[in-house]
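Take a look at the structure set out below.
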Amino acid sequence: MIVKEEFLSKLRTYFSLNLYEVKIWTALLSRGVATAGELSDIANVPRSRSYDVLESLEKKGFVIMKFGKPIKYLAVQPTEVVERVKKHMKEESEKKIKRLDEVRNTEIVDELKMLHQQGIELVEPSDLSGSLKGRHNLYNHLDLMIKNAEKTVTLMTTSQGFLRKIEGLKPTMEKVKKRGVKIRIAAPITKENKQALEMISDVAEVRNTDAKGRFCIVDGKEMMFMVMDDKEVHPTYDVGIWVNTPFFASALEILFEAAWKSMKPAVEVARRA
């Protein structure tokens, strides 16, 4: 039996299996019913490991063990396996979320906070910077920055970036808006993002710009800027630089302020788009 490595890799990702498990499972699927020895030969898995692997697959609901001599194994229908894996993942995630909710109000978190505060006090201001890779990580950090804002949030982004930020950051923006934080967004307004503009208009002041730039400044102290063009880079390879430096952040915000005055309100531009 020849199964492409790419296919096996996908199975490992989707079903959370190791290499021996996907090899044995696909071998059994190709046979329907087989012994551990037969599957070992077909899948090219050491015979000493095949029994452990089959036991693991049985516990996960991928195979059924048939009684008799020699012991044989029957493959469960793939569609049923998908449902079983989905149910198991859901149960596991709910357990983990429950544990995290329970630990939130315990002395464990208090001790972690104390350790973090002690560590921050020892850090030089110049060390409060870092590089983030992957758009998922970028948006997680942007969310944290906005969540901690006290006075202002300044964003400049692309037309597609505007859509992403409204989709991913609007709930956090709404919360800080209620605390009196002023939010400004500069982005190209197009037909594609007009609806997003309507969704955020009561939370942030939005103006149209043709300038290319992707950055966020919070309270004139902390900022993150993206170094890649989002049209030319895959989301997993997007890169952002985060710095906590009032000197640089406030200087950039002054430049933004000058440009902001010449930008037209997004609502006006949207009417013509």
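Please arrange Arg164, Arg135, Arg49, Arg179 by counting, for each residue, the other beta carbons lying within 10 Å of its beta carbon, fewest first.
Ordered from fewest to most neighbouring Cβ atoms within 10 Å, Arg164, Arg135, Arg49, Arg179 come out as Arg179, Arg49, Arg164, Arg135.
At what distance in angstrom do the alpha carbon centres of segment 199-273 and segment 1-76 lie from each other?
Rounded to whole Å, the Cα centres lie 52 Å apart.
As a footprinting exposure proxy, order Leu169, Leu8 by other Cβ within 10 Å, with the fewest listed first.
Leu8, Leu169
Taking a cut-off of 20 Å between Cα atoms, list the aspartates and glutamates near Lys10, but don't count ones fewer than 8 places away on the same chain.
Cross-link targets: Glu21, Glu80, Glu83.
Just to be sure I follow the rule: in segment 133-191, considering lysines 8 or more places apart or on different chains, how many pairs have Cα atoms under 16 Å apart?
So the count of such lysine pairs works out to 14.
Where the only charges are on Cβ atoms (+1 Lys, Arg; -1 Asp, Glu), what is the dipole of segment 5-81 about its Cα centre, to the nearest 20 debye?
Dipole about the Cα centre, nearest 20: 180 debye.
To make sure I understand the rule: partners must be aspartates and glutamates, Cα under 20 Å from the Cα of Lys264, and not fewer than 8 residues away in the same chain. Which ones qualify?
Glu192, Glu198, Asp202, Glu205, Asp210, Glu253
Multiply the residue separation of Leu115 and Arg272 by 0.36 nm, subtract the distance between their alpha-carbon atoms, and state the gained length in nm to one decimal.
Gain on stretching Leu115 to Arg272: 51.1 nm.
Mind pulling the angle between the C-alpha long axis of helix 5-15 and the longest principal axis of the chain? Nearest 10 degrees, somewhere in 0 to 90.
Roughly 80 degrees between the two axes.
So what's the angle, to the nearest 10 degrees on a 0 to 90 scale, between helix 78-103 and the longest Cα principal axis of the chain?
On a 0 to 90 degree scale, this one is about 50.
Rounded if a/c is under 1.5, else prolate if a/b is larger than b/c, else oblate: which is segment 129-272, with a ≥ b ≥ c the root eigenvalues of its Cα gyration tensor?
Verdict is rounded for segment 129-272.
Can you give the angle from 0 to 90° between the axis of helix 47-59 and the longest principal axis of the chain, with both taken from C-alpha atoms, to the nearest 10?
In the chain, helix 47-59 runs at an angle near 60 degrees to the longest axis.
Where does each of Val267, Val176, Val206 land when they are ranked from fewest to most other beta-carbon atoms within 10 angstrom?
Val267, Val176, Val206
Here, each number is a calculation from the coordinates, and none is a lab measurement. Bear in mind the structure is a predicted one, so any value in this text is a computation, not a measurement. Because the Cβ atoms are built from the backbone with ideal geometry, glycine has one as well, and the counts that use them run over all protein chains shown.
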